[in-house]
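The values are calculated or read from the model by the stated rules, or taken from the named source; none is laboratory data. All values derive from a computational prediction rather than experimental measurement. Cβ placement follows ideal geometry from the backbone for every residue including glycine, while neighbour counts extend to all protein chains displayed. When the accessible area is computed, the model is the full protein with side chains, heavy atoms only, and any ligands, DNA or RNA have been set aside. Shrake-Rupley method; radii C 1.70, N 1.55, O 1.52, S 1.80 Å.
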Amino acid sequence: MKRLFAMMIAGVSVVSMLAGCGSKTADTAEQTAEAVVTEGASEETADTAENAENVKIDKLTIGFVPSREPDEIVTATEPLKELLTNELATLGYEVGEVDITVGTSYEAVGEGLSAGTIDIGLIPGGTYVLYDDGCDVLLTATRDGLSIESPNAKDWNDNKPTEPTEDQVTFYRGLIIAGPSEAGQAVAAKVNAGEDITWEDLDGLNWSVMNSSSSAGYIYPSLWLQANYEKHVTDLTHAVQADSYGNAFARLASGQIDVLCCYADARRDNEDKWTTEYGREASIWDETAVIGVTDGIYNDTISVSKTSPIMDDAFKAALSKAFINIGNSDAGKEVISIYNHNGYVEANPTDYDSERAAQELIKSMN
C-alpha cells in the first residue's frame with residue numbers, strides 16, 4: 001500500500017512537470033492519489049476499529065465491608081452490576097459477570113484484595129492503609145455534609161438531630177454514642193451538664209467497637225481515648241466487637257451495651273429501625289447522646305487489587321471513569337447511598353497519610 005502510494009505521488013510530480021499534458025491530466029492524477037490515500041485511511045480506520053474491540057472480562061468481583069447488614073448491602077447494590085457493566089462497555093470492556101460480596105469483616109475484604117480473589121473493594125481509609133501493600137486506591141467518596149460539624153460532644157446533643165446539607169465533603173467524624181441504659185444516660189447527663197467525664201466513668205461502661213481496621217469504629221476512638229485519657233480501646237474493661245453497625249445499634253437499644261463507636265451519620269441510618277426492628281418507643285435522637293467526638297476521618301475509598309490478573313493501568317483508568325460516571329447519575333447515587341456516598345473523586349495515596357499516622361500510633365500502643 002505504501003509503495004503504491006509513493007508511486008502515485010511520483011506520478012503526480014511527473015505529470016506536473018509535463019506542461020504539454022495539460023492541467024486536466026494533472027487534476028486526474030491528483031484525484032487518483034487522493035483516492036489511494038482515502039483507501040489507505042479507510043483500511044487504517046478498519047484496523048483501528050478491529051483493535052478497539054472491547055476487552056473481554058469474564059468476571060469482576062466487588063467486595064463491600066459489613067458496615068451495614070449484609071443482606072441490606074447486597075439488595076441495595078444489585079443495580080450496580082448493570083450500571084458498571086454498561087459504563088465499562090462504553091469504555092472498551094465487556095464484562096460477563098459482576099459478583100458482589102459482603103465480607104465477614106473489614107479485614108476479610110482487605111485480605112481478598114491482597115490475594116486477588118476480590119478485584120474491587122469499597123473500603124474505609126483505615127482498611128486501605130492496612131492493606132495498601134496489596135491494593136491501590138483509585139477514588140475517594142464524597143458525601144453530604146452534616147448540619148453539625150463540631151469537635152464538642154455537647155454541640156451534637158444541643159443541635160440534634162443531624163441533617164444532611166448540600167455541601168460535599170471528603171471527611172467525616174467518628175462519634176461515641178451513649179444509649180438508653182442507665183449507665184449510658186448517666187455519662188451523657190454529665191456531658192450535657194458541661195462536666196468532664198473521667199476514665200473511670202468510661203471504663204465502667206459496656207462498649208461496642210468494630211474491628212481494628214475500622215476508622216470510625218475503632219481507630220479514631222482509640223486516638224480519642226489516647227488524646228484525652230492516655231488510654232486505648234484495649235484498656236477498656238468491657239468492650240465487645242460487633243460485626244456490623246446495625247447489630248451494634250440493636251444491642252444499644254436493648255441495653256446489652258451502654259455506648260458504641262460509629263460514624264457521624266449512623267443514627268440517621270438507623271433512625272427508622274430504632275422504633276421498629278429494635279423495639280424502642282422513643283426516637284433515637286431522644287434516647288441517645290454523643291459523649292465523644294473524634295478528629296476528621298478521610299472518606300471511604302474505592303480500591304483495587306494489585307494481584308488480580310485482570311487489573312492493569314488501562315483497566316484501572318476505565319474503572320475510575322466508570323465509578324465517577326455512576327456517582328454522577330441519579331440511579332448511581334441511589335445505589336451508593338447505602339454507604340452515604342454521593343459521588344467520587346480521584347484519590348492520591350498521600351491523601352491517607354493521616355490515616356497511616358493513626359495506624360502507626362495504634363501499633364505503638366499495642
Ordered by packing density, taken as the mean number of other Cβ atoms within 10 Å over each peptide's residues, highest first, how do 321-330, 276-285, 191-200 rank? 321-330, 276-285, 191-200
Counting all C-alpha pairs of the range 82-137, share separated by more than 17 Å (%): 43
Kindly write out, for the range 164-172 in residue order, the coupling ³J(HN,Hα) from the Karplus curve 6.51 cos²θ - 1.76 cosθ + 1.60 (θ = phi - 60°), rounded to whole Hz, with x marking Gly and Pro. x, 10, 7, 5, 9, 10, 10, 9, 8
Over the Cα atoms of the range 164-293, each weighted equally, I'd like the Debye log10 I(q)/I(0) at q = 0.12 Å⁻¹, rounded to two decimals. -0.42
About the Cα centre of the chain, what is the dipole size in debye to 20, counting +1 per Lys and Arg Cβ and -1 per Asp and Glu Cβ, all else neutral? 440
Can you find, among Ser212, Thr90, Pro151, the residue sitting farthest towards the positive end of the charge dipole of the chain, where Lys and Arg contribute +1 and Asp and Glu -1 at Cβ? Thr90
In terms of the charge dipole of the chain, which places +1 on Lys and Arg and -1 on Asp and Glu at the beta carbon, the residue among Leu139, Gln241, Asn192 farthest towards the positive end is Leu139
If you find the alpha carbon centre of the range 223-240 and of the range 344-364, how far apart are they in angstrom? 21
Under 5 Å, built H, 5+ apart or other chain: amide partners of Leu139: Ile302, Ala347
List the GluC sites (Glu not before Pro) within the range 52-122 that DSSP assigns to loop and that have no more than 13 neighbouring Cβ atoms inside 10 Å. Glu53
Expressed as a rounded percentage, what relative contact order does the chain have, with Cα pairs under 8 Å and six or more residues apart? 24
I need the phi-derived Karplus couplings for the range 247-260: 6.51 cos²θ - 1.76 cosθ + 1.60, θ = phi - 60°, integer Hz, Gly and Pro marked x. 5, 5, 5, 4, 5, 5, 5, 7, x, 5, 10, 9, 9, 9
What is the angle, in °, between the Cα long axis of helix 313-327 and the longest principal axis of the Cα atoms in the chain? Nearest 10 is fine, range 0 to 90. 60
Over the range 139-269, what is the mean sequence separation of C-alpha contacts under 8 Å (at least six apart), divided by residue count, expressed as relative contact order in percent? 30
Inter-centroid distance (Cα atoms) of the range 154-173 relative to the range 255-286, Å: 16
Is the range 128-207 best put as rounded, prolate or oblate by its Cα gyration tensor, with a ≥ b ≥ c the root eigenvalues, rounded for a/c under 1.5, and otherwise prolate when a/b is larger than b/c, oblate when not? oblate
Let a ≥ b ≥ c be the square roots of the eigenvalues of the Cα gyration tensor of the range 235-366; is it rounded (a/c under 1.5), or, if not, prolate (a/b larger than b/c) or oblate? oblate
Using only the alpha-carbon atoms, how far is helix 22-51 inclined from the longest principal axis of the chain? Give it as 0 to 90 degrees, nearest 10. 30
Per-residue ellipticity at 222 nm attributable to helices in the chain (runs of n ≥ 4 DSSP H, -39500 (n - 2.57) apiece, nearest 500 deg cm²/dmol) works out to -14000 deg cm²/dmol
Surface accessible to a 1.4 Å probe, per residue, for the residues of the chain, Å²: 46
HN-Hα J couplings of the range 224-235 from phi, Karplus 6.51/-1.76/1.60, θ = phi - 60°, integer Hz, Gly and Pro as x? 5, 5, 5, 5, 9, 9, 6, 10, 9, 3, 5, 7
How big is the accessible area of Asp313 in square angstrom, nearest 10, if you roll a 1.4 angstrom probe over the protein chains? 120
Counting residues in the chain as N, plug N into 2.2 N^0.38 Å and put the Cα Rg over that result. 1.41
Ignoring everything but the protein chains, give the 1.4 Å probe accessible area of Thr117 in square angstrom, nearest 10. 100
